[in-house]
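What follows is a set of notes on a single structure, which appears directly below.
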Amino acid sequence: MRHRVLGGTGIEVSAYCLGTMMFGSVGNTDHDDCVGIVHAALDAGINFVDTADMYSAGESETVVGKALKGRRDDVVLATKFHFPMGDGPNRGANSRRWIVRAVEDSLRRLDTDWIDLYQVHRPDQTTDVEETLSALTDLVRQGKIRAFGCSTFPAHDIVEAYHLADRRGLQRFRTEQPPYSLLARGVERDVLPVAQRLGMGVLTWSPLASGFLTGRYRKGRPLDLSSGRPTLHPARFDPAAPRTVAKLEAVEQFVAVAEEAGCTLPELAVAFPLAHPAVTSVIIGPRTMEQLRDTLKGASVTLDDAVLDRIDAIVPPGTDVYPPDGVWSPPALTTPALRRRPAESRTAA
């Protein structure tokens, strides 16, 4: 397994990062099986594990903690905070108040004394970024975390945080974790170039586009909506939705590319993000041991320029076939009042 340095931290991580979102109630509920998946990944040379406090309401972190007993020193452990962890106010987001509580909860569930990479799971427009950076800098100085990063941040927020950290003498985001796949290439337009320019590490998520690049969902075939991801987010798999139709049409073209390249569609999909020079590691998120083994089989797949040119012809660089699922949308787009003047002041005269 190839290793790369993570965002100038000096920490070397594997090109595959084991994602654990599917550990727990939303995926694999067998803790022993999940522990076995982690051990198999480590035995295969993966030394980078990513989780989050909100995955199965903390259950994923608990499973990861069990799996790393006796092997913690050899693993680069990443987790995330932001999403609500309970009812009521102040039990989520990016305030100092919540960060101080959230990190202690994660350390307890992970059964560890430190977190290598602590990530802000999404932006928070109600909290000044200085407040967040200051709290995270304190955690580094306290030894509870080694470095911190962000996930699914727009490029302008990354740049703002970088310059604010420089002005205030705070530590900065060392990594960004964006969605990136054959079907979702929007981050190539600004997020990845910004990360390169700022010397940030990049760990990408959803290389299989929520399952659409597994080969399980094909144009002209009935979609099985009774198991897997469709049961969690049925609207994303609606066969009548234009975005579903667009995804399935692109998938058919990628199947042909994979066959000509001598690999499977999932192998093509996972190899694609690794071809970008900004990407440090690709997060793979197996639910079963079989899925992990199938992914590991494609670890040596290399996409040559001819294959990448064909991919570019299907989905042009910097474009999305569909808006990536789970991506944060700024209030400027989601709140009409922020982009509409009062009716009485909308005229030119």
Just to be sure I understand: with springs between alpha-carbon atoms less than 10 Å apart, which residue in Cys34, Cys263, Cys150 has the highest mean-square fluctuation in the Gaussian network model of the chain?
Cys263
Within segment 256-283, backbone nitrogen closer than 13 Å to the virtual label 7 Å beyond the Cα of Asp312 toward Cβ:
276
Can you spot the lysines whose alpha carbon is less than 25 Å from Lys69's alpha carbon? Ignore those fewer than 8 places along the same chain.
Lys80, Lys144
Global geometry of segment 192-338, whether rounded, prolate or oblate, following the gyration tensor of its Cα atoms and the 1.5 cut on a/c
rounded
Tell me which trypsin sites (Lys or Arg not before Pro) from segment 133-189 have a DSSP coil assignment and no more than 15 other beta carbons within 10 Å of their own.
Arg189
What FRET efficiency, computed as 1/(1 + (r/R0)^6) with R0 = 35 Å and r the Cβ-Cβ distance, is obtained for Ala40 and Asn90, rounded to the nearest 0.05?
0.35
Gyration tensor (alpha-carbon) shape descriptor, segment 1-109, a/c threshold 1.5:
oblate
Surface share of carbon and sulfur [accessible, 1.4 angstrom probe, percent] for segment 1-123:
47 percent
Gain on full stretching of the segment that runs from Glu260 to Leu223 - 0.36 nm per residue minus C-alpha separation
10.8 nm
So, with points 7 Å from each Cα along the Cβ direction, the His3-Arg108 label distance in nm works out to 3.4 nm
Could you look at segment 192-349 and say what percent of its accessible area is carbon and sulfur, using a 1.4 Å probe and all protein chains?
54 percent
So what is the accessible area of the chain per residue, in Å², with the probe set to 1.4 Å?
46 Å²
Under 1.5 on a/c is rounded, so check that first for segment 102-208, then, if it is not, pick prolate when a/b is larger than b/c and oblate when it is not; a ≥ b ≥ c are the square roots of the alpha carbon gyration tensor eigenvalues.
oblate
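The values are calculated or read from the model by the stated rules, or taken from the named source; none is laboratory data. The model shown is predicted, which means the values in this text are computed figures rather than measured ones. Ideal geometry is used to build each Cβ from the backbone, glycine not excepted, and the neighbour counts take in all protein chains shown. SASA here: full protein model, heavy atoms, side chains in, ligands and nucleic acids out. Shrake-Rupley method; radii C 1.70, N 1.55, O 1.52, S 1.80 Å.
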